[in-house]
Amino acid sequence: MKTIADPANSLSRGLAAIRTRFQVPEGFPSAVLAAAEAAARRAPTEHVDRTDRHFVTLDPASATDLDQAFAIEPSGTDLLLHYAIADVAWFIADGDPLDIEAWRRGTTLYLPDGKAGLYPSILSEGAASLLPEGPRPAVIFTVRVAPDGMVRLDGAERAIIRSNAKLAYDSVRDADLPPGFAELTSRLQHAEARRGAARVDPPEQEVAAREDGGFELVFRPRLVSEERNAALSLAANMAIADLLSAHKTGLFRVMAEPDDAAVARLRQTAIAFELNWPPMAPLAQFEATLDGADPKQAAFMLAVRRAGQGASYQPFQPDVVPWHAAVAATYAHATAPLRRLADRYVIRATLAVANGQPVPAAVTEAFGKLPAVMARADAIGGQIDRAVIDLAEAVMLQGKEGQAFAALVTDADDRGARIQLRDLPVVARLAMPGAAPGDAITVKLTEVDPERQRITFEPAA
């Protein structure tokens, strides 16, 4: 789950309602399960042997759907990132029951109490996952990383690999990682800073029990290991995007800058949290100064994520530069095929282009259809994320009905005033004629309904 962890199952009743409301699948049709069992037995025949390379994975400790493994080697002053990605396409044929079901789902859906996978677990957490349980088929992207952090795709091949270790974010040590890992990720992060990238990865929110029997939302800052691992994926996706764009094909992840209204709203949010955002500093510059270990700064980071116009998918178009504002680069999704449908097709195109072969017609056709499919899947995932946050806020505020809270109006329109509580990461709306952005107000909590994920405020007398 991107935003909420619920280790004590405090949200269970509300989560059941969310699953029903959004029709989250509970399993797979029997034909899909049968196809998955057959696919899991498929032996690789088009893969070179790369089991001599020291690949490792780095993920949350509990993760079993492992898309990525990596090895690193020097090449003069450059570093080579051998990024192995689960070869999902090896197990799935165009038009088979697994493929049809994946097109229906689009993505894996995550909730605090479990997920609804894109593929059955016999594949996503078994035969196709890069677990250290034996050889696995993979696609290796070799990314050349220069001393200044610039990246280029040097090659792509189908290969058999063996993961030597399943490393976890919260316990990994530098000695566990391939030599050159820290230097490689440092190069990538410095290049990202020079580009003015504004990726916002807010800390994970977690529901925690209070001594009085209630609950509160707390932030778990992202670990250094998470930030470094994200840099590897970003590097591969950028290198792949550059290659595909140069060959006039591909599917790209694009996102515009937050519009003026969103930035104005964020400035009011920063005031609500008493953060010092210099008037002339652009949002990206201010974001670079934020510390996720500080609760108010973490809450602001979460507000930035909510304020964006949203990313989407765009197939190659002549004379159009596919730009992702948060990454400040051309960017594709290719490194999570166990969890995102689109990645499977980007990987197939990259394999073809990197090896001088034509992109399969089925892949080119898919690039035209995938934006709508992925937009629908992303929308459902976003609605579920928002509902889970609303649920967690309601659980946190339960029992506080009648209490007053300091708040700031961040914007107002014909739907009412949007407010940000000053001391809690809670955004709400209320009817308040005449309210204007920047107004400091006091509101009273009048209703809390966790099962409907609803909290209601009114202006305090």
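Does residue 380 fit the bill of being surrounded by fewer than 21 Cβ atoms within 10 Å (Cβ to Cβ), touching a Phe, Trp or Tyr at 6+ places or on another chain (Cβ under 9 Å), aliphatic (A, V, I, L, M) and under 30 Å from residue 315 (Cβ atoms)? When the stated conditions are applied, residue 380 passes them. Looking only at residues in the stretch 225-245 that are among the aliphatic types (A, V, I, L, M) and out of contact with any Phe, Trp or Tyr (no Cβ under 9 Å at 6 or more places or on another chain), the one that is nearest to residue 170 (Cα to Cα) is 230. The single residue among 231, 246, 239 that is within 30 Å of residue 368 (Cα to Cα), under 16 Å from the mean Cα position of the chain (by Cα) and not polar (S, T, N, Q) turns out to be 231.
Restricting the search to helices (runs of 4 or more DSSP H) fully inside the stretch 1-120 and requiring at least 1 residues that are closer than 21 Å to residue 351 by Cβ gives 30-40, 88-91, 97-105. Screening 270, 329 for residues that are farther than 19 Å from residue 423 by Cα, of a type in the set (A, V, I, L, M) and touching a helix residue (DSSP H, G or I) at 6+ places or on another chain (Cβ under 9 Å) leaves exactly one candidate, 329. Among the residues of the stretch 201-259, those identified as out of contact with any helix residue (DSSP H, G or I) (no Cβ under 8 Å at 6 or more places or on another chain) and of a type in the set (Val, Ile, Thr) are 224, 254.
The test for being closer than 16 Å to residue 265 by Cβ, out of contact with any Lys or Arg (no Cβ under 9 Å at 6 or more places or on another chain) and not basic (Lys, Arg) holds for residue 421.
Of the residues 100, 85, 92, 72, the single one that is surrounded by fewer than 19 Cβ atoms within 10 Å (Cβ to Cβ) and of a type in the set (Val, Ile, Thr) is 100.
Looking at the stretch 309-328, is at least one residue touching a residue at least 24 places away in the same chain (Cβ under 8 Å), polar (S, T, N, Q), part of a loop (DSSP other than H, G, I, E, B) and surrounded by fewer than 21 Cβ atoms within 10 Å (Cβ to Cβ)? Yes; the residues of the stretch 309-328 include at least one that is touching a residue at least 24 places away in the same chain (Cβ under 8 Å), polar (S, T, N, Q), part of a loop (DSSP other than H, G, I, E, B) and surrounded by fewer than 21 Cβ atoms within 10 Å (Cβ to Cβ). If you go through the stretch 347-371 and pick out every residue that is among the hydrophobic types (A, V, I, L, M, F, W, C) and within 17 Å of residue 95 (Cα to Cα), you end up with 6.
Quick check: anything in the stretch 287-298 touching a Ser or Thr at 6+ places or on another chain (Cβ under 7 Å), at pLDDT below 95 and assigned to a helix (DSSP H, G or I)? Looking for residues that are touching a Ser or Thr at 6+ places or on another chain (Cβ under 7 Å), at pLDDT below 95 and assigned to a helix (DSSP H, G or I), one finds none in the stretch 287-298, hence no. Can you find, within the stretch 121-144, the residue that is farthest from the chain's Cα centre (by Cα) among those that are among the hydroxyl-bearing types (Ser, Thr, Tyr) and assigned to a helix (DSSP H, G or I)? Top of the filtered list is 121.
Scoring residue 373 on the criteria (1) more than 28 Å from residue 292 (Cβ to Cβ); (2) out of contact with any Gly (no Cβ under 6 Å at 6 or more places or on another chain); (3) in contact (Cβ under 8 Å) with a residue 24 or more places away in the chain leaves a single failure, condition (2).
No other residue among 59, 49, 67, 6 is in contact with a strand residue (DSSP E or B) (Cβ under 8 Å, 6 or more places away or on another chain) and surrounded by fewer than 16 Cβ atoms within 10 Å (Cβ to Cβ) apart from 49.
The values are calculated or read from the model by the stated rules, or taken from the named source; none is laboratory data. These numbers were taken from a predicted model, which means no experiment stands behind them. Glycine gets a Cβ as well: all are built from the backbone with ideal geometry, and neighbour counts include every protein chain shown.
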